[in-house]
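What follows is a short report on a single structure.
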There are 2 protein chains.
Amino acid sequence: MVQTLLPETEGPRSKRALILAAAIESFGKDGYEHTKWAKIADEVGIGQTALYHYFESKAHCLLTIMSLELSRSLERFREVTADVTPADKALEAAIAAAYDVTPREVLQMRILQSHMDLLATPRPSEREEAERQRARGLVREIEQEWTGLLARGMKAKDFPKRDPHAMATLVLALVVSVWRWYRPGGPMTLDDVRELISGACLRLVGP
Amino acid sequence: MVQTLLPETEGPRSKRALILAAAIESFGKDGYEHTKWAKIADEVGIGQTALYHYFESKAHCLLTIMSLELSRSLERFREVTADVTPADKALEAAIAAAYDVTPREVLQMRILQSHMDLLATPRPSEREEAERQRARGLVREIEQEWTGLLARGMKAKDFPKRDPHAMATLVLALVVSVWRWYRPGGPMTLDDVRELISGACLRLVGP
DNA sequence: GCTTAACCTGAAGTGAGTTCAAATCAGGAA
DNA sequence: TTCCTGATTTGAACTCACTTCAGGTTAAGC
């Protein structure tokens, strides 16, 4: 549950993973602006100031969460689409993977979705800016992956020929738009969502 | 230029419209969190405190901008789709209207898009909460309009029969997703956008 | 010209996020 | 064991936007 949040070299008594877990929970459920940074410290059982040992700022923590989820999504996309043909099968696999997520990952996608615009403008401090650039790079890579998938499909005549980058933008928009309204326990299950979006995207890129 | 921002009964020396104009400019270009409330006061040529004569808070101003744009969008949708048949023509008209906007309205759409999640949670003060409810109501009305359009189209066999509400959500997601990346003077014109999204939506709701 | 409400202001208050200087703790070297 | 070092933590103080307060100015309309 917590191990997945251990990214680099961590001391054995590091609370970094706990902080990330608590932050994902609060940022995702109550919203980033609405959650007090001090509350995260309370939940982890440390003073507010100790947070700054792990993250340069509240925003830096947010950016880290975003990078983490982008990285995971990219890797998963590559796993499930590698060597899959025809392209419509690969597209379906990518979409299925997008909705094959844990409750925590749902929260992370919601956080990501809600704060994409943060990636547009430079950050004041060096560490934050570095994390922003990392996230931007991952976004670009993900866009390239979807574009590549569609381009391959067009070349192989699985899809009609159109601007693959524009189409990737639209497909991606549809796929991520879900996180705006999806709620666990709501009227639609993730499987319903997969079916809905899968059909929609195939029609979108189809004839 | 400014008259369109005069909503209700305004004294002749009211600076409300000027404040809204300056806020739309800054919130849209620099982002809401990133723009200092005091800077708006400077630009309008009043002290910071005078802002509170017109808006209860920075957030109240933001909510007002959102309601204003939602209201405009809804009215415009109704204008251009009234009595238009067949449904695919009405759909095209609605999409064309969505991208027939002034530069200021582009900014307002960007603001709206970036802060939709603000409408999800209650506001602390009464006036803010009232504005939030107004915005929520308008969102619901807009969703109902698109749903209605699609439902009519399905009934008339212009579109294949599917869940009209789900399809409306997807079409709307596609239409508004544009404001995340569209920039005036960028590689695509609004006319290019209209064509791209129009085609995409027709395929989405089609067979 | 006077009244009244609209409009405006400087000074002070608030609260979340952040910085600082210093203390504690745990694991490895001597 | 004892000492050393870096990781971890802390309380107190600071900053900066946003906001409130208590009262002053202005102009529209009678």
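Derivation of every value follows stated rules applied to the coordinates shown; laboratory data play no part. Given the structure is predicted, the values throughout are model-derived calculations rather than measurements. A quick note on method: Cβ atoms are made from the backbone with ideal geometry, for glycine too, and the neighbour counts reach across all protein chains shown.
Looking at B:Ala87, B:Ala38 in this structure, which one is crowded, with 16+ Cβ neighbours inside 10 Å and either within 11 Å of DNA strand C (Cβ to nearest atom) or of a type outside the set (S, T, N, Q) (or both)?
Unique residue meeting the criteria: B:Ala87.
In region B:64-95, which residues are touching a Phe, Trp or Tyr at 6+ places or on another chain (Cβ under 9 Å) and not small (Gly, Ala, Ser)?
The answer is B:Thr64, B:Ile65, B:Phe77, B:Asp88, B:Leu91.
Does A:Arg123 qualify as being under 30 Å from B:Phe27 (Cβ atoms) and more than 18 Å from the chain's Cα centre (by Cα)? Steps first, answer last, please.
On the way: under 30 Å from B:Phe27 (Cβ atoms): yes; more than 18 Å from the chain's Cα centre (by Cα): yes.
Yes, satisfied.
Look at region B:51-75 and say how many of its residues are part of a helix (DSSP H, G or I) and either away from DNA strand D (no atom under 12 Å from the Cβ) or farther than 18 Å from B:Gly31 by Cβ (or both).
16
Any residue at all in region A:92-103 that's part of a helix (DSSP H, G or I), more than 14 Å from chain B (Cβ to nearest Cβ) and among the aromatic types (Phe, Trp, Tyr)?
First, the residues of region A:92-103 that are part of a helix (DSSP H, G or I): A:92-98, A:103.
Add one more test, that the residue is more than 14 Å from chain B (Cβ to nearest Cβ), and what stays is A:92-94, A:96-98, A:103.
If we keep only those that are among the aromatic types (Phe, Trp, Tyr) too, we end up with none.
Among the residues of region A:92-103, not one is part of a helix (DSSP H, G or I), more than 14 Å from chain B (Cβ to nearest Cβ) and among the aromatic types (Phe, Trp, Tyr), which makes the answer no.
Within region A:63-81, is even one residue exposed (fewer than 14 other Cβ atoms within 10 Å of the Cβ), of a type in the set (A, V, I, L, M) and over 25 Å from A:Asp117 (Cα atoms)?
For region A:63-81, residues exposed (fewer than 14 other Cβ atoms within 10 Å of the Cβ), of a type in the set (A, V, I, L, M) and over 25 Å from A:Asp117 (Cα atoms): absent.
Consider B:Asp158 carefully, then state whether it is in contact (Cβ under 8 Å) with a residue 24 or more places away in the chain and farther than 24 Å from B:Met66 by Cβ. So that I can check it myself, show each step before the final result.
On the way: in contact (Cβ under 8 Å) with a residue 24 or more places away in the chain: yes; farther than 24 Å from B:Met66 by Cβ: yes.
Judged against the criteria, B:Asp158 is a match.
Tell me which residues, restricted to region B:176-192, are closer than 21 Å to A:Met116 by Cβ, more than 10 Å from chain A (Cβ to nearest Cβ) and part of a helix (DSSP H, G or I).
Correct list: B:Trp179 only.
Test of understanding: among A:Arg110, A:Arg13, which residue is on the phi < 0 side of the Ramachandran plot, of a type in the set (D, E, K, R) and in a loop (DSSP other than H, G, I, E, B)? Give the steps one after another, and end with the answer.
Numbers: A:Arg110 fails: in a loop (DSSP other than H, G, I, E, B).
When all the criteria are applied, what remains is A:Arg13.
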